[in-house]
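Q: Here it is: the structure, laid out below.
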Amino acid sequence: MALVLVVWQVLVWAKVTDSYKLPAPSAVWDEVSEAWRQGTFLEYIWTSVSRGLLGFLMALVIGTPLGLLVARVKFVRAAIGPILSGLQSLPSVAWVPPAVLWLGLNDSMMYAVILLGAVPSIANGLVSGVDQVPPLYLRAGRTLGATGLRGTWHIVIPAALPGYLAGLKQGWAFSWRSLMAAEIIASSPDLGIGLGQLLENGRTANSMSMVFLAILLILIVGIAIDLLIFSPLERRVLRSRGLLVTH
Amino acid sequence: MATALAKAADATTSVEYAARIEHVSKSFTTPAGRQLVLDDITLDVAPGEFVTLLGASGCGKSTLLNLVAGLDQPSAGGISTDGRPALMFQEHALFPWLTAGKNIELALKLRGVAKAERRTKAEELLALVRLEGAYGKRVHELSGGMRQRVALARALAQDSKLLLMDEPFAALDAITRDVLHDELTRIWRETSVSVLFVTHNVREAVRLAERVVLLSSRPGRIAHEWTVDIPQPRRIEDSAVAELSVEITEQLRGEIRRHGQH
Ligand SMILES: Nc1ncnc2c1ncn2[C@@H]1O[C@H](COP(=O)(O)OP(=O)(O)OP(=O)(O)O)[C@@H](O)[C@H]1O
Ligand SMILES: [Mg+2]
């Protein structure tokens, strides 16, 4: 972080390019304090974060049963398994134009884009988690009488948890990216200003420092949620199973 | 022997066997073609009886145990058991997301034991395998021998009439194995459980069993049977155990020689 700042400042001093293309860190800082004074700073962040987390939760609620069905029911897997993994490689920004046409410029369009981006990764994470459950656990479960739904609940889901969590982590990354794409492309006054709109506003206002601020915040929020929520969760699960080497 | 007879008379079930294996054959389809692994196996395990199944590596012991456990279907013949048997795998097969105690409680829960009783029962079972205090331990925090004991406790938690054991002590050192032999014999004599125990260790087979069944290789057939009437408690170094082991080893060697070339 400090290194980035130093390099940045040196580049500015060296006048590598015009200052409107590369604003000084201090200019970006001024932008922060300005937004802070107007009380809009936290509002920008909160608009995006609340959308992102709510969208992610919806993706979780849809993606989990979907993943279980694909993993456990043969014909469901044959029918939608390939679509699901195909969707995962489609950049979710591609969903923004159709979502705008279908739903208009509103919050539901944002959520639709998040869902289309995150549901496939959550479901696929669960599917690969289930596929990697050692057969020994399934057989041990069967001899204990855990078959059918009881087998799914007591054996398959806990055994697949590490893969599922990896899917959730990726699902969050996809949610966040999709949301930013949606906010940048589809800005409208009644949508409230999130970080994506902030970036777009910076571009239209030709304010490079605002653009930089927006990019930094998008990066920081994405990483912070991962560090605060998903990484500790994953570490806890792995440690409790003795799968994490602690020094 | 007397105890075993008393136990057999005790068992007042309507079925006169813990497991009945009748003319069972099993073949697998492999890229190289159809491979007959088990050929016309007929074997009864009486209620309360301790039978060891002995055979060279790859002769089909695990295959037979899986069939009896209902994890796989025979290609021909029939298997009936008195209730669902408990199976103890060669690897401990404990669930790493649960503590030792919770592993046992899951078995209790799945057989319908009320929630209020589970904790006490699990502690009792842990005490039975001499693992008091291991209740809250994670699987990876236990030693190999402790894991096998928890696995044994979990299998006992199923309260099955028949306990199937697939080389459960093969990976342990001689001393730990010896201790576990004693425990297993004690538990078997204290309960009315029947045991079908797979091993390729002749001395272990003789040390534990009332009856030793020798399986030949390729395909697996019942080659020979011995009744072991050395009184329990036995020790693995007893001269009577050693004597019978020599005889059985001779026979086993013959089987391996006869079927070993391929
Ligand atoms: N699912 C399977 N598909 C194909 N062949 C199999 C399968 N399971 C077992 N076999 C074959 O059946 C034979 C017997 O295997 P099994 O595991 O029962 O041997 P085992 O007597 O338990 O040996 P060990 O003492 O080494 O455990 C082997 O030749 C093995 O290759
Ligand atoms: Mg085996």
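Q: Evaluate the following for residue A:203: is it within 14 Å of another protein chain (Cβ to nearest Cβ) and of a type in the set (D, E, K, R)?
A: Working: within 14 Å of another protein chain (Cβ to nearest Cβ): no; of a type in the set (D, E, K, R): yes.
Criteria not met by residue A:203.
Q: Would you call residue A:193 assigned to a loop (DSSP other than H, G, I, E, B), more than 14 Å from residue A:96 (Cα to Cα), open to solvent by 30 Å² or more (accessible area, probe 1.4 Å) and out of contact with any strand residue (DSSP E or B) (no Cβ under 7 Å at 6 or more places or on another chain)? Step through it out loud before you land on a result.
A: On the way: assigned to a loop (DSSP other than H, G, I, E, B): yes; more than 14 Å from residue A:96 (Cα to Cα): yes; open to solvent by 30 Å² or more (accessible area, probe 1.4 Å): yes; out of contact with any strand residue (DSSP E or B) (no Cβ under 7 Å at 6 or more places or on another chain): yes.
Taking the combined requirement at face value, the residue satisfies it.
Q: Quick one: residue A:199 ticks every box in (1) open to solvent by 20 Å² or more (accessible area, probe 1.4 Å); (2) in contact (Cβ under 8 Å) with a residue 40 or more places away in the chain except a single one, so which number is it?
A: Every listed condition holds for residue A:199 apart from (2).
Q: Ok, one more. Which ones in region A:63-90 are within 15 Å of residue A:167 (Cα to Cα), surrounded by fewer than 15 Cβ atoms within 10 Å (Cβ to Cβ) and not hydroxyl-bearing (Ser, Thr, Tyr)?
A: Of the residues in region A:63-90, the ones within 15 Å of residue A:167 (Cα to Cα) are A:63-68, A:70-71, A:84-85, A:87-89.
From what's left, surrounded by fewer than 15 Cβ atoms within 10 Å (Cβ to Cβ): A:65, A:89.
Residue satisfying the conditions is A:65 alone.
Q: Within region B:144-153, is even one residue open to solvent by less than 20 Å² (accessible area, probe 1.4 Å) and more than 14 Å from chain A (Cβ to nearest Cβ)?
A: In the first step, residues of region B:144-153 are kept if they are open to solvent by less than 20 Å² (accessible area, probe 1.4 Å); the result is B:145, B:148, B:150-153.
Next, only the ones that are more than 14 Å from chain A (Cβ to nearest Cβ) stay: B:145.
Scanning region B:144-153, I find at least one residue that is open to solvent by less than 20 Å² (accessible area, probe 1.4 Å) and more than 14 Å from chain A (Cβ to nearest Cβ), so the answer is yes.
Q: Could you list, in sequence order, all residues of region B:201-212 that are assigned to a strand (DSSP E or B) and surrounded by fewer than 22 Cβ atoms within 10 Å (Cβ to Cβ)? Walk me through how you get there before you give the answer.
A: Pass one, region B:201-212, residues assigned to a strand (DSSP E or B): B:211-212.
Residue satisfying the conditions is B:211 alone.
Q: Okay, next question. When region A:123-146 is examined, which residues are found to be of a type in the set (A, V, I, L, M, F, W, C), assigned to a helix (DSSP H, G or I) and more than 10 Å from chain B (Cβ to nearest Cβ)?
A: Of region A:123-146, the ones of a type in the set (A, V, I, L, M, F, W, C) are A:123, A:126-127, A:130, A:133, A:136, A:138, A:140, A:144, A:146.
Checking which are assigned to a helix (DSSP H, G or I) leaves us with A:123, A:126-127, A:130, A:136, A:138, A:140, A:144.
Matches in region A:123-146: A:123, A:126, A:127, A:130.
Q: Separate question: Any idea how many residues of region B:203-229 are at negative phi and within 16 Å of ligand 2 (Cβ to nearest atom)? Give the derivation first.
A: Here is the first cut: in region B:203-229, the residues at negative phi are B:203-217, B:219-229.
When the remaining residues are screened for being within 16 Å of ligand 2 (Cβ to nearest atom), the result is B:204-205, B:213-217, B:219-220.
The number of residues fulfilling the criteria is 9.
Q: For region B:162-200: of the residues being assigned to a loop (DSSP other than H, G, I, E, B), of a type outside the set (Gly, Ala, Ser) and open to solvent by 40 Å² or more (accessible area, probe 1.4 Å), which is farthest from residue B:68 (Cα to Cα)? Talk me through it step by step, then tell me what you get.
A: Taking region B:162-200 and keeping what is assigned to a loop (DSSP other than H, G, I, E, B), we get B:167-173, B:191-193, B:200.
Checking the rest, the ones that are also of a type outside the set (Gly, Ala, Ser) come to B:167-169, B:172-173, B:191, B:193, B:200.
Pick out the ones that are also open to solvent by 40 Å² or more (accessible area, probe 1.4 Å) and you get B:173, B:191, B:200.
Values: B:173: 28, B:191: 21, B:200: 19 Å.
This residue is B:173.
Q: Which one of these is open to solvent by 20 Å² or more (accessible area, probe 1.4 Å), within 10 Å of ligand 1 (Cβ to nearest atom) and at pLDDT below 90: B:27, B:14?
A: Details: B:14 fails: within 10 Å of ligand 1 (Cβ to nearest atom).
B:27 is the lone residue from the list that is open to solvent by 20 Å² or more (accessible area, probe 1.4 Å), within 10 Å of ligand 1 (Cβ to nearest atom) and at pLDDT below 90.
Q: Pairs, please: C-beta under 9 Å, at least 6 apart or cross-chain, first residue away from chain A (no Cβ under 12 Å) and within 13 Å of residue B:18 (Cα to Cα) and in region B:156-167, second assigned to a strand (DSSP E or B) and of a type outside the set (D, E, K, R)?
A: The qualifying pairs are B:161/B:19; B:161/B:81; B:161/B:194.
Q: Return yes or no: is residue B:237 acidic (Asp, Glu), part of a loop (DSSP other than H, G, I, E, B) and either without any contact (Cβ under 8 Å) to a residue 12 or more places away in the chain or in the same structural domain as residue B:253 (by TED's automatic domain parsing) (or both)?
A: So residue B:237 fits the description; yes.
Q: Let me ask you something else. Which fully enclosed helices (runs of 4 or more DSSP H) of region B:52-129 have 2 or more residues being within 16 Å of ligand 1 (Cβ to nearest atom) and buried (at least 22 other Cβ atoms within 10 Å of the Cβ)?
A: Values: elements: B:61-69, B:100-110, B:115-128.
Hits in region B:52-129: B:61-69.
Q: Now for a separate question. Does residue A:149 satisfy the condition of being farther than 19 Å from residue A:194 by Cβ, within 14 Å of chain B (Cβ to nearest Cβ) and open to solvent by 50 Å² or more (accessible area, probe 1.4 Å)?
A: Details: farther than 19 Å from residue A:194 by Cβ: yes; within 14 Å of chain B (Cβ to nearest Cβ): yes; open to solvent by 50 Å² or more (accessible area, probe 1.4 Å): yes.
For residue A:149, the condition - farther than 19 Å from residue A:194 by Cβ, within 14 Å of chain B (Cβ to nearest Cβ) and open to solvent by 50 Å² or more (accessible area, probe 1.4 Å) - is met.
The values are calculated or read from the model by the stated rules, or taken from the named source; none is laboratory data. Source: prediction; values computed, not measured. Virtual Cβ from ideal backbone geometry, glycine too; neighbours counted across all protein chains shown. Only protein heavy atoms, including side chains, enter the accessible area calculation; ligands, DNA and RNA are left aside. Shrake-Rupley method; radii C 1.70, N 1.55, O 1.52, S 1.80 Å.
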